[in-house]
Amino acid sequence: MTVLAIAGKELRLYFGSFVFWALAAVFLVLCGYRFATNLSFYVIAGGMNLGLGLWQQQVFDVEAFLLVLVPLLTMRLFAEERRLGTLELLWTYPVRDVEIVAGKYLACVAVVAILLAATALHPVMLATITPVDAGPLVAGYLGLFLLGAAFVACGLFASALTDSQLVAAAAAYGLLFFFWIVTWNEAAMSEITLRVLLPLSLFDRFYAFARGAVDTRDVVYLVLFTLVFLAFTFLALDTRRWRGVRSRS
């Protein structure tokens, strides 16, 4: 119940914030614009036989917008509370660090899921005009959800390291872009280096989802990525908490 209470508090803060509604509006407008342009291209190029190409392109577009959006959603979760001193106040209550991390994480993941669900209205509207194959869509949105959850965990970790929202967002962007583009310059890498870095690439793990396939290895990787960064967040909080206790004593 403590986790749900913290998650509920964070959700109220999200939905009561003008900044959140502005970010959500920009995200949804951009996703809608890309859907309209992608649809126009495939209709002009190949009639109404849209196939996999439309959804592959749309999923990649939504993923790119998520990469920009999520650090802005997570940057305040710990950084702002640390700046205001409310995080130290929260530690005086009978609540564990793992419950704080879980509550904030679940709230942000719920927000990401709601925004993704809103973008799912596009294929629903298209289905009223022409048949839509649900398989690639389900795979694509599963990948987007798992990727969004992984982004949130990384952003939460960055926010736990600092009391500056700007620094938290910048750190999250740096981490996520590293994991996204780590294997993009394959031609300049040795075979050994590529073999080491390839399993770390978020892009390569997401590519199968965008093409309408679900590989259990990719699912496991994204889940492990999420769990690792949640563990890092817990350790960062625990370290700074005990450091603060020692400094006061």
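What follows draws every value from the coordinates through simple rules; no lab data is involved. All of these numbers come straight from a predicted model, not from anything done at the bench. Every residue, glycine as well, gets a Cβ built from its backbone with ideal geometry; the counts of neighbours run over all protein chains shown.
If r is the Cβ-Cβ distance from residue 29 to residue 224 and R0 is 35 Å, what FRET efficiency results, to the nearest 0.05?
Working: r = 34 Å, r/R0 = 0.96.
Between residue 29 and residue 224 the formula returns 0.55.
Less than 11 Å Cβ to Cβ from residue 108, Lys/Arg counted +1 and Asp/Glu -1: what total charge do the surrounding residues give? Write out the running numbers ahead of the final one.
On the way: positive: 76, 104; negative: 10.
Net charge around residue 108: +1.
Give, in nm to one decimal, the length gained when the segment between residue 64 and residue 181 is fully stretched (0.36 nm per residue of separation minus the Cα-Cα distance).
Numbers: separation 117, 0.36 × 117 = 42.12 nm, distance 1.23 nm.
Here the answer is 40.9 nm.
Quick one: what are the phi-derived ³J(HN,Hα) couplings along segment 162-168, Karplus 6.51/-1.76/1.60 with θ = phi - 60°, whole Hz, x for glycine and proline?
Per-residue couplings from phi come out as 8, 9, 10, 5, 4, 5, 4 Hz.
Quick one: what Rg and Dmax do you get for segment 48-164 from the alpha carbons, in Å?
Calculated on Cα positions, Rg and Dmax stand at 18.1, 61 Å.
I need the phi-derived Karplus couplings for segment 17-26: 6.51 cos²θ - 1.76 cosθ + 1.60, θ = phi - 60°, integer Hz, Gly and Pro marked x.
Along segment 17-26, the couplings run 9, 5, 4, 4, 5, 5, 4, 4, 5, 4 Hz.
Once phi is turned into ³J(HN,Hα) by the Karplus curve 6.51 cos²θ - 1.76 cosθ + 1.60 with θ = phi - 60°, what whole-Hz value does each residue of segment 121-135 show in order, with x for glycine and proline?
Per-residue couplings from phi come out as 5, 4, x, 5, 5, 5, 5, 6, 10, 9, x, 10, 6, 6, x Hz.
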